[in-house]
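The values are calculated or read from the model by the stated rules, or taken from the named source; none is laboratory data. On a predicted model such as this, the values are computed, not experimentally measured, just so you know. Every residue, glycine among them, receives a Cβ derived from its backbone with ideal geometry; neighbour counts consider all protein chains shown.
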Amino acid sequence: MTKCNLSIRCRIHLLALCAVIAVLAVGWLMTHSLGDAREHFRLMARHDINGKIATLAIGRDLNYVSRLTRNVMLGSDIDKDTDRLRKTIDSMRKGFVALRASAVDAAEAALIAEAERSTLAFAESGLAFVERLAAVPDTERHTHYPAYEKEATPLAEASRRTFNRIVESKDAHFETANTAFGDELDSARTTAMWLAGSITLVLAVLALFITRSIVRPLSAVTAYASRVAAGDHTPLMLRNTCGEVAVLVESLERMVHDLRERVAFARGVLTALPQPCLLVDAEGRATWWNQPFAAIAKCATTAPESGLPVRQVVTSSELLALLQRAQDDGMTREDEMTFADGSLQVVTVAPVLGEDRSLRGLLTSCFDLTALRNQQEQLHRHNAHLAEAADAAGKTERELNTTTGSIGEEVEASLTRAVSQQQRTSEVAVAVEEMNASVLEVARSAAAAAGSAEMARNHADRGADVVMQALDAIEGVSDNATRLGEAMDDLGKQAEGIGRIIAVIGDIADQTNLLALNAAIETARAGDAGRGFAVVADEVRKLAEKTMTATREVEDFIRAIQTSARHSLATAQSTATEVEKTTQLASGAGEALRSIVGMTAETADQVRAIATAAEQQSAASEQIARSTDEIRGSAADNAEGMTRLREELERLRGQATGLGDIIKSMRTA
């Protein structure tokens, strides 16, 4: 195709300009020709037509003069006819004035002057004859006709000869002018026709050239667009274009190139999707599937665009039945099934509808539940271990309650004995005051006090043993709580790992949704060429949205598990802390009991000293009194210590109850 540098707009403007110039040229020529014809006609009207009219008018008036003269001689109203005759003569003079103005040359002007003299002479002679007849009676006027004929005939013949020569001259000039005017019109018409034909031919050739320069590339572009709509994306190879056509060709090629790139990208995206996918047309043929689907379904053929019946590609009867149900009712179907590779998949079959809402195919997508089910089983096992640990902690708590109850009972007994010891110490003081009255009673009281102190020491030893056993049990609870915390920590880490996996799946779904949205946008830009792929992109987007929804649900479950695990871990850590405090309190109780043992032993020694001092009552009464005061103070301290020990045991029992509540909350969680 010949290369040009003019755009379509410039070509159309050029054609319009040429047409305007042609119209202006024809108009100018016609105006010029009509101007010449108008000038010619004006001259012809001035010299020929006006002269012709004037001769006709003069001839009419001349005949009217003859008739009026005859009427008068025949007896008409002479006054009226005389007046008419004068007016007719005046009209003839005006006619000759117009006739003189139409003279074409001096010869014709001389001829007109001669005709005017002869004609007016004839008319004036007739007027003079009529005026003479005014005195003649009406009945005698006709008798004067011979005289009139003798006088007027030479004048009439001279007037007719000269006037006929003028008429013949005017007729000849009129015929010549009329023929010349017709020839000039014919020439102007012929010239205009030739010029119009030439301009029309030039414009037709120019229009044909411009039309061919526009239609040919547009036809090539239209054919190329039809090929693109049919799926042929080969380049147009139309380079010798310019203007809007070049822009259109370049834009179309760029659009096809982008469409080809986007279609290739979309196919790559579909191929790279991690979820297994299968596309089946309305006739039940497998038109496309990706590698993950081929891996889980063990497809009979490896060609992803074979067009074979789906029964020859997929061997799973469950999947075939699900496809059949979705095709029958035209609705999305979903089910769980195990594939040939042993994986558990959630299969979703969605109908692909056309613009007329008719079924165009089925899009099948799979979501692997194998890892999730394994993680759920592992989570169940961890929950079972946690329940066992909670049962062990509950058993330890019950044993701790039992132990603390026993210790409480012993403490109550020791407190009772301490109160009794304080009372007996008071009695010893009274006995000291009454020592002079009964030394033997003092000795017996001292012996009894020694026995009570020994018994209290024995009970305190047993209390210390019980406290040590409680310490051992509490240490066991602490170990169990530590192991429980480690197990909960491990469960939290595993839940976090599941969360990371779900986050990765969510990111993949987000990217898939974004890619599907981009593919839908670009397909919409591509128009009808990408309409079929728009359905696939929409289904991919729906699949991504379902994947995101399922991912969020699984993420909510995992988050709930993580929250429960963190709560259980915090509870286990709190339990370990409380057990540690309980251990410290139990250690304090043991120390208190050992102090009681020491004080009891000291009390026994003092009582024995009292017994010895009783034998030396007289010599050491003051020493006995001081010793008695010291015993009273020690007994009071012992009672206060036992009271504090009872309070600590109450706190220990409350903490054991709290541990039991924590274990119950762990079991319910």
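In region 278-372, counting only strands (runs of 3 or more DSSP E) that sit wholly within it, the ones holding 2 or more residues that are over 24 Å from GLY268 (Cα atoms) span 333-338. For region 99-122, the condition holds for no residue, the condition being that it is buried (at least 18 other Cβ atoms within 10 Å of the Cβ), assigned by TED's automatic domain parsing to the domain that holds ASN164 and more than 30 Å from GLU175 (Cβ to Cβ).
Among the candidates ILE199, ILE166, which residue alone is of a type outside the set (Lys, Arg), part of a helix (DSSP H, G or I), under 60 Å from the mean Cα position of the chain (by Cα) and surrounded by 12 or more Cβ atoms within 10 Å (Cβ to Cβ)? Please lay out each step first, then the result.
Values: ILE166 fails: under 60 Å from the mean Cα position of the chain (by Cα).
Going through ILE199, ILE166 in turn, just one is of a type outside the set (Lys, Arg), part of a helix (DSSP H, G or I), under 60 Å from the mean Cα position of the chain (by Cα) and surrounded by 12 or more Cβ atoms within 10 Å (Cβ to Cβ): ILE199.
Close contacts from region 91-114, counting a first residue that is of a type outside the set (Asp, Glu) and a second that is surrounded by 15 or more Cβ atoms within 10 Å (Cβ to Cβ) and not in a helix (DSSP H, G or I), with Cβ to Cβ under 7 Å and a gap of 6+ residues or different chains, come to ALA109/ALA103; ILE112/ALA103.
Among the residues of region 286-303, are any in the same structural domain as GLY361 (by TED's automatic domain parsing), hydroxyl-bearing (Ser, Thr, Tyr) and modelled with pLDDT under 70? Spell out the reasoning first.
From region 286-303, those in the same structural domain as GLY361 (by TED's automatic domain parsing) are 286-303; that's our starting set.
After this cut, where a residue has to be hydroxyl-bearing (Ser, Thr, Tyr) as well, the list is 287, 301-302.
This time we only want the ones that are modelled with pLDDT under 70, so: 301-302.
There is at least one residue in region 286-303 that is in the same structural domain as GLY361 (by TED's automatic domain parsing), hydroxyl-bearing (Ser, Thr, Tyr) and modelled with pLDDT under 70.
Might you let me know whether region 153-161 holds any residue that is in a helix (DSSP H, G or I) and acidic (Asp, Glu)? Walk me through how you get there before you give the answer.
In the first step, residues of region 153-161 are kept if they are in a helix (DSSP H, G or I); the result is 153-161.
With acidic (Asp, Glu) added as a condition, the list becomes 157.
Yes, some residue in region 153-161 is in a helix (DSSP H, G or I) and acidic (Asp, Glu).
Residue count for region 339-382, restricted to those that are in the same structural domain as LEU320 (by TED's automatic domain parsing), out of contact with any Asp or Glu (no Cβ under 6 Å at 6 or more places or on another chain) and farther than 19 Å from LYS546 by Cα: 11.
Just one of the listed residues (ALA172, ALA158, ALA207) is in the same structural domain as ASP77 (by TED's automatic domain parsing), of a type in the set (A, V, I, L, M) and touching a Ser or Thr at 6+ places or on another chain (Cβ under 6 Å), and it is ALA158. Is there a residue in region 74-83 that is touching a His at 6+ places or on another chain (Cβ under 8 Å) and within 23 Å of THR139 (Cα to Cα)? The answer is yes; a qualifying residue exists. Within region 87-106, identify whether any single residue is closer than 19 Å to TYR64 by Cα, modelled with pLDDT under 80, of a type in the set (D, E, K, R) and part of a helix (DSSP H, G or I), and answer yes or no. There is no residue in region 87-106 that is closer than 19 Å to TYR64 by Cα, modelled with pLDDT under 80, of a type in the set (D, E, K, R) and part of a helix (DSSP H, G or I).
Would you mind stating whether ALA134 is without any contact (Cβ under 8 Å) to a residue 60 or more places away in the chain, out of contact with any Ser or Thr (no Cβ under 7 Å at 6 or more places or on another chain) and of a type in the set (Gly, Ala, Ser)? Before you say what the answer is, go through the steps one by one.
Details: without any contact (Cβ under 8 Å) to a residue 60 or more places away in the chain: yes; out of contact with any Ser or Thr (no Cβ under 7 Å at 6 or more places or on another chain): yes; of a type in the set (Gly, Ala, Ser): yes.
Yes, satisfied.
Evaluation of THR191 against the conditions (1) modelled with pLDDT of 75 or more; (2) in contact with an Asp or Glu (Cβ under 9 Å, 6 or more places away or on another chain) shows that the sole unmet condition is (2). LEU155 passes every criterion in (1) out of contact with any Phe, Trp or Tyr (no Cβ under 6 Å at 6 or more places or on another chain); (2) among the hydrophobic types (A, V, I, L, M, F, W, C); (3) surrounded by 15 or more Cβ atoms within 10 Å (Cβ to Cβ) apart from (1).
Do you know which residues across region 202-233 are among the charged types (D, E, K, R), part of a helix (DSSP H, G or I) and without any contact (Cβ under 8 Å) to a residue 60 or more places away in the chain?
In the first step, residues of region 202-233 are kept if they are among the charged types (D, E, K, R); the result is 212, 216, 227, 232.
Pick out the ones that are also part of a helix (DSSP H, G or I) and you get 212, 216, 227.
Listed by number, the residues that qualify are ARG212, ARG227.
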